[in-house]
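The structure appears right after this line, and notes come after that.
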Amino acid sequence: MLKLKANYFKYYFLLTLFTLLSVASCSSSNNEDPIVPETEEGNEEEGSSIIDVQTIGLNFNEQLQFVDLQQISATNTDWVRGFVEFFQFYENRSLLNSDERITKFLSLKPSGYKTVLSLKFPFKGKDYPVSNSQELNDYLNYLDVILDRLWVGIDVIIVGNEPFIETDEEDFGDDMYNFYVKASERVKAYSDAHTEKPIFFGAFDNMYQDRRRNLPVLNGLLDYSKNTPWIAGVDMHIHHNNYNEMISALDFVNARLRANQKIIISEYSLMKHWRDNLNGLIPSEFASQYSYPSSWRNYQYIDAALKSPKARTEWVDFLSKSDWFESKKHYLLETYQDVFTTYDKFFLATYAFRQAYPFNTDFNSNTDPWVLNGIYVNRSVEPDSNTGQFQFNYTFIDDFRIVQDISN
């Protein structure tokens with residue numbers, strides 16, 4: 001188990017205080033106009049950089065259509081991250097001007113938030129274009145069109161999302177390497193011709209696993225990132241089971257970067273730990289209190305909650321009485337304080353904003369339980385009966401707000 005720093009207890013006291021204060025603030029804020037952070041434009045000290053911070057923000061992934069300024073404001077964050085899928089817009093070009101994900105993303109910076117946008121190139125089931133081919137040129141030319149639409153709303157851009165998950169293994173080779181190099185060079189050329197922005201490369205996933213670390217193309221892209229002076233750093237995704245895996249992944253990547261480069265962790269969670277506990281029995285006390293079968297497994301209760309959302313008090317009782325979750329309830333504060341900030345190169349991590357799960361779909365023992373990660377529980381918990389707003393998950397929001405206070 002991760003050993004906490006001595007001053008953790010100071011932050012635990014703050015957590016308790018913030019919890020009491022947030023109850024009062026949330027009860028009133030849902031009925032008021034959203035409060036957004038003031039823009040820092042023009043207020044930065046000379047020579048300072050937007051990436052010279054150590055904080056956590058919110059991650060929307062592809063669900064940027066659910067950007068809600070009032071809900072974001074309630075978390076006290078400054079940073080929001082999402083991604084756009086290149087081929088969705090390449091294959092249906094009218095979407096670029098009409099898709100709600102685009103318009104919602106573009107609303108963030110005018111509202112005072114700092115933004116990270118990842119460019120996702122899902123080549124799974126597709127062949128990478130051959131070097132110097134017309135197909136490659138067509139892709140790169142349309143990348144300029146996407147940047148024309150989105151550049152004004154971006155603070156930090158990441159070339160790639162999860163290349164090694166979004167590529168068939170037989171295509172882990174030269175064409176893959178060449179495509180991401182050419183795409184990053186095109187983004188750099190666009191940045192030079194317009195407003196310059198930090199360019200990151202990634203996201204590198206599962207970096208605590210030898211099957212990733214030993215890939216020649218992955219090591220080639222890491223070397224390219226290090227040896228290219230204008231690449232500000234790399235992005236990582238760390239969905240893991242225990243803290244040692246997270247630390248191992250960070251150690252591996254940290255050692256491969258220049259001293260002046262930064263690390264973004266645009267996705268992270270204990271999803272694999274949650275998954276290992278799906279087959280466990282629901283807490284007996286909880287089963288008795290809410291009249292559920294004592295033979296039910298955790299995944300069966302989660303399935304029931306997704307199909308018929310529960311009162312927040314019941315959802316919290318389920319999680320708080322489950323040791324596998326209760327023992328990890330301070331995950332956000334622990335990872336920030338005891339892992340992320342121990343690396344000088346750490347810049348930003350973004351955590352899941354909401355639950356994403358399709359309706360009328362079974363949740364079973366083999367389902368990856370992403371739904372346990374969200375700051376908001378918009379699928380498994382009923383909206384607040386007084387405000388109609390989605391409610392916060394158990395404990396994560398308290399830690400999230402404390403990190404905002406510490407980092408700001």
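The values are calculated or read from the model by the stated rules, or taken from the named source; none is laboratory data. Since this is a predicted model, take the numbers as computed values, not measurements. Methodologically, a virtual Cβ is constructed for each residue, glycine included, from the backbone with ideal geometry; neighbour enumeration extends over all protein chains shown. What goes into the accessible areas is simple: the full protein's heavy atoms, side chains included, and nothing from ligands, DNA or RNA. Shrake-Rupley method; radii C 1.70, N 1.55, O 1.52, S 1.80 Å.
Where helices (runs of 4 or more DSSP H) fall wholly inside region 271-349, the ranges with 3 or more residues that are open to solvent by 20 Å² or more (accessible area, probe 1.4 Å) and over 30 Å from Leu250 (Cα atoms) are 284-290, 298-307, 312-320.
Selection of first residues in region 60-73 that are touching a residue at least 40 places away in the same chain (Cβ under 8 Å) and of second residues that are crowded, with 19+ Cβ neighbours inside 10 Å and of a type in the set (Ser, Thr, Tyr), restricted to Cβ pairs under 8 Å at least 6 apart or on distinct chains, gives the following pairs, ordered by first then second residue: Gln71/Tyr376; Ile72/Tyr113.
Looking across region 383-403 at every residue that is under 18 Å from Ala305 (Cα atoms) and of a type outside the set (Gly, Ala, Ser), the one that is least open to solvent (accessible area, probe 1.4 Å) is identified as Asn393. Of the listed requirements (1) among the basic types (Lys, Arg); (2) part of a helix (DSSP H, G or I); (3) under 29 Å from Leu221 (Cβ atoms), Lys124 misses just one: (2).
Residues in region 267-287: is at least one free of Cβ contacts under 8 Å to residues at least 24 places away in the same chain and touching a Lys or Arg at 6+ places or on another chain (Cβ under 7 Å)?
Let us first name the residues in region 267-287 that are free of Cβ contacts under 8 Å to residues at least 24 places away in the same chain, namely 281, 284, 287.
In the following step, the residues that additionally are touching a Lys or Arg at 6+ places or on another chain (Cβ under 7 Å) were identified as 281.
For region 267-287, residues free of Cβ contacts under 8 Å to residues at least 24 places away in the same chain and touching a Lys or Arg at 6+ places or on another chain (Cβ under 7 Å): present.
Scanning region 251-287 for residues that are among the small types (Gly, Ala, Ser) and touching a strand residue (DSSP E or B) at 6+ places or on another chain (Cβ under 6 Å) yields Ser266, Ser269.
Within region 128-145, can one find any residue that is on the phi > 0 side of the Ramachandran plot and at pLDDT below 95?
Checked against the condition, which is being on the phi > 0 side of the Ramachandran plot and at pLDDT below 95, region 128-145 yields at least one hit.
State whether the residues of region 254-270 include one that is part of a helix (DSSP H, G or I), modelled with pLDDT of 95 or more and open to solvent by less than 10 Å² (accessible area, probe 1.4 Å). Checking region 254-270: not a single residue is part of a helix (DSSP H, G or I), modelled with pLDDT of 95 or more and open to solvent by less than 10 Å² (accessible area, probe 1.4 Å).
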